[in-house]
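Data first, discussion second: the structure below is written as structure tokens.
A short reminder: the numbers here are calculations on the coordinates, not readings from a lab. Being a predicted model, the structure only gives us computed values, none of them experimental. With ideal geometry, Cβ positions are generated from the backbone for all residues, glycine too; neighbour counts draw on all protein chains shown.
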Amino acid sequence: MNYTIQTAAIGEFDDVVDTTIAALEDEGFGVLCDIDVQATLEEKLGEEFRQYRILGACNPALAHEGLAEEIELGALLPCNVIVYETDDGDIVVSAVDPNQLVGIADNDALDSVATEVNERFERVLSAVTDELGATSEA
């Protein structure tokens with residue numbers, strides 16, 4: 001099952017992360033948490049890992065709408081967007097597919113929220129590649 005939407009961007013890793021955060025903000029999302037998986041695995045396990053960041057993105061208005069329909073939806077929030085380096089050195093930006101995520105709740109009242117989040121994430125990915133360029137990876 002495909003549970004993400006993604007693109008591969010051209011640029012330095014940190015620049016792709018910054019551009020992704022700016023594109024999320026332009027679509028009304030705040031980044032509530034930014035997890036540096038590479039640093040965390042090095043610190044906690046002494047293990048080396050590729051560059052990999054998890055951005056916990058939330059659009060307050062859409063989160064409120066979703067929670068009003070399904071109080072347990074909070075267990076699926078925030079929506080994660082990841083930026084990581086592939087084995088070939090490409091940088092991928094990948095967002096959870098909100099339609100798949102909300103499908104878990106089996107509540108048709110959430111369909112419009114999922115569609116709205118999906119459209120905004122698609123615009124985020126497009127903005128990243130418009131700003132930085134795209135590779136053929138994703």
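Looking at segment 1-63, the chymotrypsin sites (Phe, Trp or Tyr not before Pro) that sit in a DSSP loop and have at most 13 other Cβ atoms within 10 Å of their own Cβ are Tyr3. Taking the structure as given and computing Rg and Dmax of the Cα atoms in Å, which label from [x] 15.2, 45; [y] 13.8, 42; [z] 17.7, 53 fits? Working out Rg and Dmax of the Cα atoms in Å from the coordinates points to [x]. Taking the 0 to 90 degree range and rounding to the nearest ten, how far is the long axis of helix 60-69 tilted relative to the main principal axis of the chain, both from C-alpha atoms? Its long axis makes an angle of about 40 degrees. I'd like the distance between the alpha-carbon centres of segment 25-41 and segment 60-94, rounded to an integer number of Å. For segment 25-41 versus segment 60-94, the Cα centre distance is 10 Å. Only Cα pairs under 8 Å and 6+ residues apart enter the sum, and on that basis the relative contact order of the chain stands at 37 percent. For segment 34-76, GluC sites (Glu not before Pro) are listed when DSSP marks them as loop and at most 11 other Cβ atoms sit within 10 Å of their Cβ; the list is Glu47, Glu48.
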